[in-house]
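To start, the structure itself, in structure tokens.
The values are calculated or read from the model by the stated rules, or taken from the named source; none is laboratory data. This is a predicted model, so every value here is computed, not measured. Cβ coordinates were reconstructed from backbone atoms using ideal geometry, including for glycine residues, and neighbour counts include every protein chain displayed.
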Amino acid sequence: MTHDMVTIGKTDVRTTPLGLGTNAVGGYNLFPDLRDEDGLALVQAGLNHGIQLLDTAFVYGMGHSEELVGQAIHDFDRHSFTLATKGAQDFSSGEQVINNDPQFLTQQVETSLKRLNTDYLDIYYIHFPDKQTPKAEAVGALQRLREQGKIRAIGVSNFSLDQIKDANADGYLDVVEDEYSLLHRDHETDLMPYLRDHQISFVPYFPLASGLLTGKYDRTVSFPANDIRSQISDFQDPRYSQALDAVDQVRPIATAHHATVTQVILAWYMQNPLVSVVIPGAKHADQVSANAQALDVTLSPDEYHTIDTAFAAFQHTTNGKSLADPD
């Protein structure tokens, strides 16, 4: 393994620069035809291949992902990996409401601990911002849980830069998770520099842009209306063709490294100074072990620059999000 460990924010949480997103582990509300045994196998494959950060959330299967991850980690040394989960979705009224109330978040952490069958979380993220709770109060509730040893690092996800500044009013914020990829680069101008300047880690989700950055798509593909990709602008021209043109510039670099396009793209994020940990998702164990091989790919400065330039047109994209936030 050629990569150094990453420190999360100002904490002593240390992990690999490559993690695993687990929305397809038990996320039956997000993907059709998921099998629990595949989910268990892919988490274990990640840990067995040197991936140390596991990223889950309550809303992945309404607790089911957390339960499966909890089962998958049972036979591993708890101190050998980093466990992150997220919460903010309140179903007490019968429908989903985003809730950052300190009391609600405290209760969410307790139920996540039970489902994951662990006595501490390395990272807990407020998954989405609500409209009413002062963000410093929401983070304050997590700080009290940190003081009790129940969480080690405090994060927020899908917060605007202003909300992040509010959340960090007392300097308690350690990590931000948000959408970022070579096709969604708008955060490079303001959000990511703020985080760097305040020693807050950045963890991008959708780093492979729903598979568009894996090199598996071509110009002839179309998606049925019930496929979520039919609603994502990345899969519609002109963006779609521009993305494929840029991916084509990655292929010779992949060939030179005896690697896949996916592994090279993941290596680019790991070498990006503004990115802390990249967390691609997967549906099968073999995808996870293939992603883990990105830890062995080191791009030259020229190769890094070539990829950066190939996707330069996406630096000023107006649609930073692939999908609308809930609420």
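Residues of region 221-251 being of a type outside the set (Ser, Thr, Tyr) and farther than 16 Å from residue 313 by Cβ, which ones?
Listed by number, the residues that qualify are 221, 223, 224, 225, 226, 227, 228, 229, 231, 232, 235, 251.
Would you pick out the residues in region 155-182 that are free of Cβ contacts under 8 Å to residues at least 40 places away in the same chain and within 30 Å of residue 264 (Cα to Cα)?
156, 159, 160, 161, 176, 178, 181
Go through region 92-109 residue by residue and tally those that are outside any strand (DSSP E or B) and touching a residue at least 24 places away in the same chain (Cβ under 8 Å).
Count: 10.
What's the number of the condition residue 67 fails, among (1) out of contact with any strand residue (DSSP E or B) (no Cβ under 7 Å at 6 or more places or on another chain); (2) within 24 Å of residue 200 (Cα to Cα)?
If we test residue 67 against (1) out of contact with any strand residue (DSSP E or B) (no Cβ under 7 Å at 6 or more places or on another chain); (2) within 24 Å of residue 200 (Cα to Cα), just (2) comes out false.
Here's the yes/no breakdown for (1) surrounded by fewer than 20 Cβ atoms within 10 Å (Cβ to Cβ); (2) within 27 Å of residue 128 (Cβ to Cβ); (3) modelled with pLDDT of 95 or more:
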residue	(1), (2), (3)
200	no, yes, yes
209	no, yes, no
222	yes, no, no
229	yes, yes, no
233	yes, yes, no
244	yes, no, yes
247	no, no, yes
258	yes, no, yes
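I'm told residue 75 meets every condition in (1) under 18 Å from residue 109 (Cα atoms); (2) modelled with pLDDT under 95; (3) not aliphatic (A, V, I, L, M) except one. Can you identify the failing condition by its number?
(1)
Give me the helices (runs of 4 or more DSSP H) completely within region 231-311, filtered to those with at least 2 residues that are touching a Cys at 6+ places or on another chain (Cβ under 8 Å), ordered by residue number.
Answer list for region 231-311: none.
Taking residue 80 as meeting all but one of (1) out of contact with any Gly (no Cβ under 6 Å at 6 or more places or on another chain); (2) small (Gly, Ala, Ser); (3) buried (at least 20 other Cβ atoms within 10 Å of the Cβ), write down the number of the exception.
Unmet condition: (3).
Check off (1) closer than 20 Å to residue 7 by Cα; (2) crowded, with 18+ Cβ neighbours inside 10 Å; (3) of a type in the set (D, E, K, R) for residue 239 and give me the number that stays unchecked.
(1)
Using beta carbons and a limit of 6 Å, which pairs, at least six apart or on different chains, have the first residue in region 197-225 and within 15 Å of residue 245 (Cβ to Cβ) and the second one in a loop (DSSP other than H, G, I, E, B)?
Listed pairs, sorted by first residue: 209/183.
Would you mind telling me which numbered condition in (1) hydroxyl-bearing (Ser, Thr, Tyr); (2) touching a strand residue (DSSP E or B) at 6+ places or on another chain (Cβ under 8 Å); (3) in a loop (DSSP other than H, G, I, E, B) residue 125 fails?
Of (1) hydroxyl-bearing (Ser, Thr, Tyr); (2) touching a strand residue (DSSP E or B) at 6+ places or on another chain (Cβ under 8 Å); (3) in a loop (DSSP other than H, G, I, E, B), only one is false for residue 125: (3).
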